[in-house]
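Worksheet for the structure shown next.
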């Protein structure tokens, strides 16, 4: 994908000098990040780490979408939340923490979750989507709109000590509906997990977004990495598009 970059300032060069030295990235890649916008659906255990790493990397704009207030059970894994903010909106705490790290970045904090009613508008505002939502109704809504609007989507999830990640490029890779034609039975919002597991895949999700937006390396397009942190087993598997997928089969490219 092509992102309209923004010129770097001397302050930018000073802050990001270590990553500017990464081969294949340089000032051009940093300018792309500065000009890019990313939607993160839910800034919980997974999304808060994605947001924090993107803020640290110099992304230009984040759109944070997450309803509800901070609860005690959030504090074991949601690194953008603080104890003194209990009972206040999650996105407000996340915005404050991210602005402390990177005050040069624009942040839209939206205290709602992705639905069929708002997905078109929110996806339409950004260059890339990172799916960190636990519920498939949200994930399906984002996937549908990302495919329809031709926006890349980084799809990551975890359960207990397991996690997976892939990058969806509409028309080139399988979409979420190819992988999950229907919502898995008995799936629920609350599930067993350590914060370190969501943090692990969150860092990988941020790196995928940086690669896609900055034109760096080889994103996980048409591939999925799965991991089991109980025994540190990692696998990469190739994914195949469903030729009858109701969401993306009309797109004629193949991965």
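Values in this text are rule-based calculations from the coordinates and carry no lab data. Keep in mind that this is a model prediction, so the values were computed, not measured. Using ideal geometry, Cβ is built from the backbone for each residue, glycine included, and neighbour counts are taken over all protein chains shown.
See the values below:
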{"read-out": "Expected-Rg normalisation [2.2 N^0.38 Å, Cα atoms] applied to the chain", "value": "0.96"}
{"read-out": "Alpha carbon centroid spacing (whole Å) that separates the stretch 4-39 from the stretch 102-129", "value": "22"}
{"read-out": "Sorted peptide list for 13-23, 154-164, criterion being average Cβ within 10 angstrom, highest first", "value": "154-164, 13-23"}
{"read-out": "Distance in nm between pseudo-label sites at residue 67 and residue 2 (7 Å out along the Cβ direction from Cα)", "value": "3.9"}
{"read-out": "Computed [θ] at 222 nm, deg cm²/dmol, the chain (DSSP H ≥ 4; -39,500 (n - 2.57); rounded to nearest 500)", "value": "-10000 deg cm²/dmol"}
{"read-out": "Sorted peptide list for 168-175, 204-211, 92-99, criterion being average Cβ within 10 angstrom, highest first", "value": "204-211, 168-175, 92-99"}
{"read-out": "Additional length obtainable on full extension of the chain from residue 135 to residue 162, 0.36 nm per residue less Cα span", "value": "8.0 nm"}
{"read-out": "Additional length obtainable on full extension of the chain from residue 120 to residue 83, 0.36 nm per residue less Cα span", "value": "9.9 nm"}
{"read-out": "Length gained when the stretch residue 92-residue 182 is fully extended (0.36 nm per residue, less Cα-Cα span)", "value": "29.1 nm"}
